[in-house]
Amino acid sequence: MARKKLIAANWKMYKTPDEAKAFFAEFLPLVAAHTRDEIAIFPSPVLLPTVIDAAKGSKISVGAQNIHFADEGAYTGETSIGQLKAIGGTHTLIGHSERRQYFAETDEIVNKKLHAALKHCIVPIVCIGEVLEEREAGKTAEVLKKQVTGAFAGITPEAAAPIVIAYEPVWAIGTGKTATPEMAAEAHAIVRAEVAKILGAPVANAMRILYGGSVKPDNASALLNQAEIDGALVGGASLKADSFKAIVTY
Ligand code: PGA
C-alpha cells in the first residue's frame, strides 16, 4: 500500500500568536483543496492553543515540538502529553537535533518519550540524523542504526504503527545545504532496513520516513518524488504561507 506523504512544518522558536493567525489566514485558502498529502504544523508551546484554534475545520494537524515523558510532575518548563492532548494537539516531534545538541537529549530520553507518546496515542515523529564529521568519516549508516535501535528499544510491532521517522542530516538543517535526493533516499533505505530488523518488514514498509534539512520550494519536488521519501519536515521555508504552500503542493 502506498504511504501517504506527510509534510510537516517545524516553526521552532518563531512567531507570535498574531503572526500565527496571519499565517493561517493566508495558508488555509491556499491548501483548502489539497487532499493528496497530510499536513502538520509544530509551533512553540505558547502558540499551540492559537494554532489549534486556527486549524479547526481544516485537515491540518497540530503538534508539539517537544514533550516530557512523565505524565505529570515537578518538571519546570516542560509540557506533558496529557496537557498537549487536552488542548487538541495530536502529534509531537521527538529528539530533534536541536534538542539533542542544545538540551542534551540522548537516545535513551528519545526512547522514553516515544513510549509515552504511543501510550497516549499521540503521533510521534522521531528525528534522527548524522552530523557533518560523522558523514565525512563514513559513519552515517552506523549513526543512523544506533539512533533507530536506541529510539525503538522495547517498542513492539503491534504498537509501532503510528510512528513516523524524520531523517534530518544535521549539516543540512538551516544551512541551505540539502542532501541530494539520492543521498537522502540512500539514508532512508538504511533506516528502513534497520526498522525491518527490529520490528519486521511489514511494519518497516508501512512506516513513513520524512526528509528534513533545508527543504525549499525549489528542491521539494526532486526530494519528494523519491519513492523512499515519504514527506518532509520543513523549518525555515515553512514560516511563510506561500513558500510552505509551494512545498506542500510540490
Ligand atoms: P530547515 O529546518 O528546513 O530550516 O533546515 C529543518 C528542521 O530543523 O526540521
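Observations on the structure shown:
- Matching option when the condition is under 24 Å from residue 105 (Cα atoms) and at pLDDT 95 or above, among 153, 206, 201, 189: 153
- Residues located in segment 42-65, provided they are out of contact with any helix residue (DSSP H, G or I) (no Cβ under 6 Å at 6 or more places or on another chain) and not in a loop (DSSP other than H, G, I, E, B): 42, 45, 46, 48, 49, 52, 53, 55, 60, 61, 63
- Candidates 109, 155 - the one that is touching a residue at least 12 places away in the same chain (Cβ under 8 Å) and under 20 Å from residue 212 (Cβ atoms): 109
- Filter result for residue 142 (open to solvent by 60 Å² or more (accessible area, probe 1.4 Å), modelled with pLDDT under 95 and away from the ligand (no atom under 16 Å from the Cβ)): no
- Check on residue 2, within 28 Å of residue 229 (Cα to Cα), surrounded by 19 or more Cβ atoms within 10 Å (Cβ to Cβ) and of a type in the set (Gly, Ala, Ser): no
- Selection of segment 79-135 for residues being open to solvent by 50 Å² or more (accessible area, probe 1.4 Å), of a type in the set (S, T, N, Q) and in a helix (DSSP H, G or I) yields 83, 101.
- Which listed residue is within 11 Å of the ligand (Cβ to nearest atom) and touching an Asp or Glu at 6+ places or on another chain (Cβ under 8 Å), from 213, 236: 213
- Taken together, the residues in segment 5-16 that are surrounded by fewer than 16 Cβ atoms within 10 Å (Cβ to Cβ) and either within 21 Å of the chain's Cα centre (by Cα) or in a helix (DSSP H, G or I) (or both) amount to 2.
- Selection of segment 185-217 for residues being in a loop (DSSP other than H, G, I, E, B) and either charged (D, E, K, R) or out of contact with any Gly (no Cβ under 6 Å at 6 or more places or on another chain) (or both) yields 200, 207, 213, 215, 216.
- Residue in segment 48-56 that is closer than 21 Å to residue 241 by Cα, among the β-branched types (Val, Ile, Thr) and surrounded by 20 or more Cβ atoms within 10 Å (Cβ to Cβ) present: yes
The values are calculated or read from the model by the stated rules, or taken from the named source; none is laboratory data. Quick caveat, the model's predicted, so the values are computed rather than measured. Using ideal geometry, Cβ is built from the backbone for each residue, glycine included, and neighbour counts are taken over all protein chains shown. Protein only, heavy atoms only, side chains kept; ligands, DNA and RNA dropped before computing areas. Shrake-Rupley method; radii C 1.70, N 1.55, O 1.52, S 1.80 Å.
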